[in-house]
Every structure is written in structure tokens, then in C-alpha cells.
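Contents: one structure, followed by commentary.
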Amino acid sequence: METIFFLIITLVAIVSAILVVTCKNPINSALSLIMTFFCLATYYVMLDAPFMAAVQVMVYAGAIMVLMVFTIMLLNIRVDATKKHSHKLVFGSIIGFFTVLNIVVVLVKSRAAAPTGPYSGEMIKKIGHTELVGREIFTNFLLPFEITSILLLVAIVGAVILAKKKI
Amino acid sequence: MGFEILGLPMMYYIAMVAKVLVTFVFVLLTVAYATYAERKIIGHMQVRLGPMRTGWHGLLQPIADGVKLFFKEEIVPSQASTFAFLIAPLIALIPAFITFAVIPFGGVIEIAGYKIPLQIAAYYDTTAGQVFDVNVGVLYILAMSSLGVYGIVLAGWASNSKYSLMGGLRASAQMISYELAAGLSIIAVFMLSGTLSLSRIVELQSGMGGFEWYLFKQPLAAFMFFICSLAEINRTPFDLPEAETELVSGFCTEYSSMKYAMFFMAEYANMVTVCALTVTLFLGGWNGPLAVAIPILGPIYFVAKVYFLMFVCMWIRATLPRYRYDQLMHLGWKVFIPVALVNIVVTGIIGYFI
């Protein structure tokens, strides 16, 4: 059951990922990208990580992509009229080739093993994914969390200063 | 009863299909008759009669409207981006409906020895003796509501008309701003409940004869959440995206026939969702006097509370004039978000000492 579901989702993910780069209209590309994010969220659900799935949809599909669509709309880029850039194609294929090679080598050399460490599937099911993530963030990873917050604060202040001439 | 498919009893599938069908039909009917109720209520508030001609006191009006919209000519503007134009109403409608999957509308009922929790995405674990549902229920709803904005933005952009584009831009700016405030205001509830699962949140409000509501513990959060939700679903007094006086009809100016009806349905379905979520988070969900002892009372209490809140929405629409755009943004960013943050801090401090 889960395998069939996984295969269907994977098919959708691959087709929409291909559509992201092949669509002529940037809005349609953006829509396909949202579809890909959805499929990623589904993978998280299947991996017993519902919190990650919800955040994936909320942050990527709900916030970042809205801003992207917004930008495309405001700049009013209609059908992409770019010429063929052969160097882009060459670099793209080289990077793609090495990425695939990397994945193949990793998959062949090491078999995907069950997760080790304190956080087993049973424990996540018992305590809850959200609770575990929250506990880790506010205890063991408090310093990185605070640093990220300050970074975001700096970015917000910077945005306000750039956008507003008179303060 | 011993018959199993893929490791789950047959009753599980029957119950699931039944729950989905009942909820879906119920929401659709509510949406249809909400349009009628709104016209009738606002009519009487303004000393008019509202629809009177179709059926007894206009009771068949929603059906007449549906048939009319169904048979209207379908127009796609020649300059529109066809794909986005066609898909936008669907993107607006689907998130509005699938939100109901996680909202609990009743307790656990027992049919032929099989216990069924009245919540679509939930099952009753007989060994643990409790209901398991999506344990990120609220986040799921927030995620889905953040997707609803695409329908409106795409509709506005794809129509290729200046009124639609303005409506779409306004809608997205408004929805993004108020989503933040709505999300921040309900954090205070989670600080009290300690869980994101909606069935658990309802359970925690069952004390004191079914009246231990979070509304009394978090009145400010309840108030802010309801207002921000109204703004997020573009209801009056925040219906700037479709301000008739300035923008013709906003993002759905170029739409006709069933596609227009879909936006309309999405708007009302969103209203039902928001009311149902407010009831679940703040008004005790399906709790009420004797609701645990007599399971059938749960759904009745729930529906009654949801309908009351929908009446409040219509009441607000009949009473208040529309906000101006800068007032709207001011209210969202400079009033609600700081107040919600202060509310979180105060709840944290009080929660730490009690």
C-alpha cells in the first residue's frame, strides 16, 4: 500500500519537477514548483515527520512561493522569450551528471539503514514529532536558534531601512 | 466484522467513507444555504424582506442561483493565461474544503461494536483506548489556509485585467499580513494546551460541565483570531480585494458561470472553516452539557456553535463599513501583531508561575 502510494507521489514529483524547468510561462513553472513541494511534504508524512510536512507546506508553498509569484506578477514577465544559451546547458548537464553519479555511488556503496540514535520511530510516535523538535531546539540547539533569530532580525531591520527613506 | 483489507477492519473503511460523505455534503449544503441566510439576515437587518419569490420565503433561492450560474455562458478572456485562469477557481476551492479533514465535530460513537471518532482524519486505537488524530492538526489548517491565497492571486493575474490584478495584489498582501497575526494569536492557546492535536484541544476544554473554554482563559486571543481570520478570508469589513465601488468585483471580475460560482463557494466554505476552527479552539468544540454522556449531542452542539458564529459574521457584514487599505495594514501590522506577541509573553509568565 505504502509502496504504491510512494510510487504515485514520486511520479507526480518527477513530472512536476520536469515541468518547472520546461514551462515557458514563469507562473506555470512556479505552480509546478509548488506541486513538487507538496510531494516533498508527503514524503515527510510517510517518514513519520508530520511537523516537517506542515512546515514545508507553510513556509515553502505558503510563504516563499507566494512572494515568488508576487514578484513574477509585479514584474509582469509573460512568456519567457530567452534565446538558447548553450553554456548554461553545458554547465547544467555537468552539474546534473555529477549529482546523479554521487547519488548512485552513495546508494551502491551503502545500503539505506534504519535510523540509529535515540530517536526511533516508536519514540517519535509516542511523544510526538512536534514536541521532540521543540524540545531539541530550545535545549540542545538553543545557541544556533538564537543566532538565527538575530540574523533574521538584522535582515528585517535592513529591509525596513532600505524600503523607508525617512525613518 | 472479521473481514480485513490491508490490515484494517472493514468497518474502518465504511466509517471513513461515511464520515467524508456526510461532512462534505453537510458543508456544501451549509455553503449553499449560507448565501440565502446572509441575504435574508442582512435584508431583515436593513428592514427589507430579502429573497421572497422562489419557494416559501425564498427557500429555493440557492438552487435557483446554482441553476442560473450553471447555465451561464463560460467566458475566457482572449488575453488571459488560459491554464492559470482555469485552475485558479479550483485552487481557491480545494483548500477551503480539505481543511475539514482535521476538525473534530463530535466525540466517539460506537456502531456495531466498532468505535468511530467523529473526525475524518482520526482513528480509535482499541489497545491504547484513545483517539489518535493528526497531531499537527492546527498547523495543517494554517498550511491549507496559506494555500488559498494562490487561487485569488492567480485569478487576478491570469485575467489580464487591471481591476483583477489590483484585487489579486490586495488580496495577497492582506492574506499574508493577517495570516501572521492569526498564527501568532493562537500560539497562546497552544501554550495552555501543550498540544497541536485538535481532538486533544477539544478534550481539554471539556471540564466544568463542558464550559471550560479557552475563550474565558484567552479572550484577547479569541477576539484577535476571529478578526484576523475574517480579514484572511476577505469578509466584510475587510473585503478590499473585491471592493465593488473601486474594483468592479476584484479578482473575479473576468470570471463567469461555474468558475465564478466556485470562488463564491470558496468564500463561504472558508467562512464555515474559520467558524469551525474558532469553535474548536476557543468555544469548546463539540463540548457542552451532557455531551460526553450522550454522544449524539456533540455534533449538534458543534453545528449550533458554528452557525452562531456564522450569524455573527453576517451581522458584522450588515453593520460595519469597509476599511480603507492603509487602515487595514495599520491594524494588522501595528496593532494585532504586537498585541499578539505581548499576549504570548503574558501567557508565558502567568503559565510559569501557576
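The values are calculated or read from the model by the stated rules, or taken from the named source; none is laboratory data. As the structure is a prediction and not an experimental result, all values here were calculated from the model. Backbone-built Cβ (ideal geometry, glycine too); neighbour counts: all protein chains shown.
Considering B:Y114, B:Y124, B:Y140, the condition of being in contact with a strand residue (DSSP E or B) (Cβ under 9 Å, 6 or more places away or on another chain), crowded, with 18+ Cβ neighbours inside 10 Å, closer than 19 Å to B:V20 by Cα and hydroxyl-bearing (S, T, Y) is satisfied by B:Y124 alone. Taking each residue of the stretch B:28-54 that is free of Cβ contacts under 8 Å to residues at least 60 places away in the same chain and outside any helix (DSSP H, G or I) and looking for partners that are of a type in the set (S, T, Y) and crowded, with 19+ Cβ neighbours inside 10 Å with beta-carbon atoms closer than 9 Å, six or more apart or interchain, yields B:G50/B:Y36; B:P51/B:Y36. Only one entry in B:Y124, B:Y163 is among the aromatic types (F, W, Y), in contact with a helix residue (DSSP H, G or I) (Cβ under 9 Å, 6 or more places away or on another chain) and touching a residue at least 12 places away in the same chain (Cβ under 8 Å), namely B:Y163. Looking across the stretch A:37-55, the residues that are in contact (Cβ under 8 Å) with a residue 60 or more places away in the chain and within 9 Å of chain B (Cβ to nearest Cβ) come down to A:P50, A:F51. Checking B:G156, B:G183, B:G148 one by one, the residue that is over 21 Å from the mean Cα position of the chain (by Cα) and either within 10 Å of another protein chain (Cβ to nearest Cβ) or modelled with pLDDT of 80 or more (or both) is B:G156 and no other. Please verify whether the stretch B:150-160 includes one or more residues that are out of contact with any Cys (no Cβ under 6 Å at 6 or more places or on another chain), touching a residue at least 40 places away in the same chain (Cβ under 8 Å) and surrounded by fewer than 22 Cβ atoms within 10 Å (Cβ to Cβ). Looking for residues that are out of contact with any Cys (no Cβ under 6 Å at 6 or more places or on another chain), touching a residue at least 40 places away in the same chain (Cβ under 8 Å) and surrounded by fewer than 22 Cβ atoms within 10 Å (Cβ to Cβ), one finds at least one in the stretch B:150-160, hence yes. Inspection of the stretch A:113-125 identifies at least one residue that is modelled with pLDDT under 85 and charged (D, E, K, R). In summary, A:D48 fulfils each of the numbered conditions (1) at pLDDT 80 or above; (2) not in a helix (DSSP H, G or I) with the single exception of condition (1). Residues in the stretch A:15-54 that are among the aliphatic types (A, V, I, L, M) and crowded, with 20+ Cβ neighbours inside 10 Å: A:I27, A:A30, A:L31, A:L33, A:I34, A:A41, A:A49, A:A53, A:A54.
A residue that is in contact with a strand residue (DSSP E or B) (Cβ under 9 Å, 6 or more places away or on another chain) and buried (at least 16 other Cβ atoms within 10 Å of the Cβ) cannot be found anywhere in the stretch B:73-84. Between B:I109, B:I91, the distinction of being touching a residue at least 24 places away in the same chain (Cβ under 8 Å), on the phi < 0 side of the Ramachandran plot, in a helix (DSSP H, G or I) and of a type outside the set (D, E, K, R) belongs to B:I91 only.
What tally of residues in the stretch A:144-167 results from selecting those that are farther than 30 Å from B:S197 by Cβ and either surrounded by 10 or more Cβ atoms within 10 Å (Cβ to Cβ) or modelled with pLDDT of 85 or more (or both)? Going through the stretch A:144-167 one residue at a time, the tally reaches 13.
Restrict the check to the stretch A:13-27 and report whether at least one residue is facing chain B (nearest Cβ under 9 Å) and of a type in the set (G, A, S). No, the stretch A:13-27 contains no residue that is facing chain B (nearest Cβ under 9 Å) and of a type in the set (G, A, S).
Residues in the stretch B:70-86 that are of a type in the set (A, V, I, L, M) and either assigned to a loop (DSSP other than H, G, I, E, B) or under 17 Å from B:S172 (Cα atoms) (or both): B:I75, B:V76, B:A80, B:A84. Quick test for you: out of B:V279, B:V303, B:V335, B:V342, pick the one residue that is within 21 Å of B:F24 (Cα to Cα) and either without any contact (Cβ under 8 Å) to a residue 60 or more places away in the chain or more than 23 Å from the chain's Cα centre (by Cα) (or both). None of the others qualify; the one that does is B:V279.
Of all positions in the stretch B:172-180, at least one carries a residue that is in contact with a helix residue (DSSP H, G or I) (Cβ under 7 Å, 6 or more places away or on another chain), part of a helix (DSSP H, G or I) and closer than 30 Å to B:I354 by Cβ. Would you check if B:R48 is more than 14 Å from every other protein chain (Cβ to nearest Cβ) and in contact with a Pro (Cβ under 8 Å, 6 or more places away or on another chain)? It is false that B:R48 is more than 14 Å from every other protein chain (Cβ to nearest Cβ) and in contact with a Pro (Cβ under 8 Å, 6 or more places away or on another chain).
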